[in-house]
Amino acid sequence: MFVTGPAFAGKRAYVCSALGWDESTLARRAVWDVQDLAVDGANLTTLADQLAKHDVIIATEIGGGIVPMDANQRAQREAAGRLACLLAERADVVVRVCCGLPQVLKGSLS
């Protein structure tokens, strides 16, 4: 399952609620803030393959808003978006959580 959405939107709380997990199960079976791993855009396919081994992957959307003037920040933002696309492609279920409300974009939770 790949879960994405804005910062502080309730993504981890949603995963725990939807899957009946507690915080310790989440820590064992999920990985979050994966957008921070897409630093330079290199080897995104390999990174996506490694991350896809987790039951749940959670990423914060960083592509909205004002485009940064700094070239490195723009490159990281681009790489994070590309990584999210690769993860969504590999996931059976993709959910976007905004304001605590889940929207299933791909697959089914049942």
Practice problem: Taking the Cα centre of the chain as origin, sum charge times position over the Cβ atoms of Lys and Arg (+1) and Asp and Glu (-1), and report the length of that vector in debye to the nearest 20. | Solution: 180 debye
Self-check item: Listed residues Val56, Gly100, Leu83: farthest to the positive end of the dipole of the chain (Cβ charges)
Solution: Gly100
Quiz item: If amide H atoms are built 1.01 Å from N in the plane of the peptide, which residues on other chains or at least 5 residues away come under 5 Å of the amide H of Val95?
Solution: Phe2, Val3, Thr4, Leu105
Practice problem: Note the angle between two axes, namely the Cα long axis of helix 71-90 and the longest principal axis of the Cα atoms of the chain, as a number of degrees from 0 to 90, rounded to the nearest 10. | Solution: 40 degrees
Quiz item: Quick one: Karplus J couplings for the stretch 26-35, per residue in order, coefficients 6.51, -1.76, 1.60, θ = phi - 60°, nearest Hz, x for Gly and Pro?
Solution: 4, 5, 7, 10, 10, 9, 9, 6, 5, 4
Quiz item: So which trypsin sites (Lys or Arg not before Pro) in the stretch 14-110 are both in a DSSP loop and have at most 10 other Cβ atoms within 10 Å of their Cβ?
Solution: Lys53
Self-check item: Ellipticity estimate at 222 nm from DSSP helix runs (n ≥ 4, -39,500 (n - 2.57)) divided over the chain, nearest 500
Solution: -12000 deg cm²/dmol
Exercise. Rank the residues Phe8, Phe2 as a footprinting-exposure proxy: fewest other Cβ atoms within 10 Å of their Cβ go first.
Key: Phe8, Phe2
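Just so you know, all these numbers are worked out from the coordinates, no wet-lab data involved. Remember, it's a predicted structure, so these values are computed and weren't measured experimentally. For neighbour counting, all protein chains shown are included, and Cβ atoms are generated from backbone atoms with ideal geometry for every residue, glycine included.
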